[in-house]
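Notes for the one structure printed next.
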Amino acid sequence: MGGILTKGDDSPLTSAPTTKLEVKILEKMRKRESKGTSMKSFNTILLKFPKIDVGLRKCKAIFEQFDEDKSGSIDPKELNHCFRKLEIDCTDEEINDLFEECDINKDMGIAYKEFIVLLCLVYLLKKDSVSTHSSSQMEIPDLEATFETLVDSFVFLDKNKDGYVSRSEMVHAINESTSGEGSSGRIAMKRFEEMDWDKNGMVNFKEFLFAFTKWVGIDDEEEATEE
């Protein structure tokens with residue numbers, strides 16, 4: 001998910017984006033990282049979990065509205081309707097690229113968790129293009145605050161501001177908050193492994209988002225719905 005590994009100037013290995021959309025996401029994240037972060041520690045992120053959880057679950061009503069055939073996933077046509085209704089300024093090509101990027105199972109359907117990740121990527125890419133004046137019914141302003149917290153969390157973890165979180169950066173972030181605890185290294189490694197889907201040692205923003213939805217319990221809700 002993080003692309004191929006290449007030599008980089010800031011670290012021994014850098015994960016190179018493999019699609020045009022990944023390039024755009026990386027560029028936007030690096031630009032955002034240049035502004036810094038309000039997060040002071042990994043514990044600061046942990047303390048925000050309950051509020052993030054509430055914010056992400058507000059996506060559920062939006063997801064259910066645009067899952068027009070009630071299939072449990074949003075197809076390309078439904079996603080196009082969603083973007084038009086929410087007045088998100090994206091071309092058809094950009095919508096298709098986002099769909100392909102977030103359709104992890106390649107089953108031509110965006111599930112609830114994938115929809116959350118997709119909207120957060122849209123926030124990062126199109127922050128200045130999202131019109132909220134007529135979409136209060138969708139609670140877009142509330143979602144934007146949640147998505148900004150997620151972006152801010154990623155920026156905190158990415159110490160060298162290259163657009164990726166490395167294993168050493170994750171260990172460093174958790175060790176800062178749990179100094180003296182022998183289990184901190186194991187916790188850091190477990191968290192990192194949950195993010196690093198392709199096992200290339202580097203985590204991009206999309207991988208981080210999928211892991212974060214699991215950390216706050218979105219996976220549990222999906223499983224309960226399926227049962």
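The values are calculated or read from the model by the stated rules, or taken from the named source; none is laboratory data. Since we're looking at a predicted model, the values are computed, not measured. Cβ sites come from the backbone with ideal geometry, for glycine too, and all protein chains shown count toward neighbours. For the accessible areas, the whole protein counts, side chains as well, though only heavy atoms, and no ligand, DNA or RNA atoms are used. Shrake-Rupley method; radii C 1.70, N 1.55, O 1.52, S 1.80 Å.
Restricting attention to region 131-161, the residues that are modelled with pLDDT of 65 or more, assigned to a loop (DSSP other than H, G, I, E, B) and touching a Leu at 6+ places or on another chain (Cβ under 9 Å) add up to 0. For region 162-193, the candidate set comprises residues that are among the small types (Gly, Ala, Ser), outside any loop (DSSP other than H, G, I, E, B) and within 21 Å of Ser38 (Cβ to Cβ); within that set, the residue that is modelled with the lowest pLDDT is Ser177.
For region 108-126, residues that are over 15 Å from Val23 (Cα atoms), in contact (Cβ under 8 Å) with a residue 40 or more places away in the chain and open to solvent by 20 Å² or more (accessible area, probe 1.4 Å) total 2.
Being open to solvent by 60 Å² or more (accessible area, probe 1.4 Å), in a helix (DSSP H, G or I), at pLDDT below 90 and not aliphatic (A, V, I, L, M) is a property that Asn105 lacks.
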